[in-house]
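To start, the structure itself, in structure tokens.
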Amino acid sequence: MQQQSTRLRWEQHTQRPLFGLALAFAVAYAVPIVRPDASRDVVEVCTAVEWVVWGAFALDYLIRLALAEQRLRFVRTHWLDLGAVLLPAIQPLRLLRLVSTLLLVGQRARMASQIRLTTYVAGAVVGLLMFGSLAVLSVERDSPDGNIRTLGDAVWWSFTTMTTVGYGDHAPTTGLGRMLAVGLMLSGIALLGVVTANIAAWFIARFEKDDVEERRQTEAIRELTEEVRALRGELAALKGTSVE
């Protein structure tokens, strides 16, 4: 129990620093892709920042694992964090560590369920757009047959792919780019399902609340009717006594 309390305190105190590191990782990842003509020193600094941030995430995961009471259960329930730690060297998936870290920060937030879910969805949409745009740009820009050459093309492609619109004016031509497209489409469908389920749950909750309120008012009216009947009976009895 004490370990659980210690882990919760650790997660609470590291929430904001991790979010700041996630933003630093996003910038370090994006700069060499958006500015391919950047100097070697800038690229080396960005690479160093990525590895430092990854090291901080790995250390945070190991500390939380050490503080967990049931470590095997912790690994099973935090598989996304483990995946983010174990994928530091795969170029197209580096930003996936950022997305998973943002999700981790959202999971640690102590907020109401509706606010938390809204934060998840908004963060996931922004993270996926960033991930899809930067990753496909880094993969497709140097492809001989590729037609995604600029960041604007990549963002437009990511947006149309996530929403499953798929105009076809921009499309990946490499195998890795197509794998990214599949992942982005599935993620977009999943997010749409989450949004739809959240809206449906909100309406159901409102209907249930209105139904409870209606039953309460009906019960109050029934009790008031019974009291009126009782008062009429007493009044009739009093009148009968008065007449006698």
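Considering segment 204-244, and only residues there that are of a type in the set (S, T, N, Q) and either on the phi > 0 side of the Ramachandran plot or modelled with pLDDT of 75 or more (or both), the residue that is nearest to the chain's Cα centre (by Cα) turns out to be Q217.
Among what's in segment 18-58 and is of a type in the set (V, I, T), under 18 Å from V139 (Cβ atoms) and within 26 Å of the chain's Cα centre (by Cα), pick the residue that is surrounded by the most Cβ atoms within 10 Å (Cβ to Cβ). Out of the qualifying residues, it is I33. Pick out the one residue from F57, F25, F19 that is of a type in the set (F, W, Y) and under 15 Å from L134 (Cβ atoms). Of F57, F25, F19, the one residue that is of a type in the set (F, W, Y) and under 15 Å from L134 (Cβ atoms) is F25. Apart from one condition, R141 fits all of (1) farther than 21 Å from A30 by Cβ; (2) basic (K, R); (3) open to solvent by less than 80 Å² (accessible area, probe 1.4 Å); the exception is (1). The condition (being within 21 Å of Y29 (Cβ to Cβ) and assigned to a helix (DSSP H, G or I)) is satisfied by just one residue among V194, V125: V125. One residue alone among F159, F207, F203 is in contact with a helix residue (DSSP H, G or I) (Cβ under 7 Å, 6 or more places away or on another chain) and hydrophobic (A, V, I, L, M, F, W, C), and that residue is F159. When V155, V53, V105, V42 are screened for being under 19 Å from A24 (Cβ atoms) and at pLDDT 85 or above, only V42 passes.
Would you mind telling me which numbered condition in (1) touching a residue at least 12 places away in the same chain (Cβ under 8 Å); (2) open to solvent by 90 Å² or more (accessible area, probe 1.4 Å) E223 fails? E223 satisfies all of (1) touching a residue at least 12 places away in the same chain (Cβ under 8 Å); (2) open to solvent by 90 Å² or more (accessible area, probe 1.4 Å) except (1).
The values are calculated or read from the model by the stated rules, or taken from the named source; none is laboratory data. Keep in mind that what you see is a predicted model, and the values were worked out from it rather than measured. Because the Cβ atoms are built from the backbone with ideal geometry, glycine has one as well, and the counts that use them run over all protein chains shown. These area figures cover heavy atoms from the full protein model, side chains too; ligands, DNA and RNA do not enter into them. Shrake-Rupley method; radii C 1.70, N 1.55, O 1.52, S 1.80 Å.
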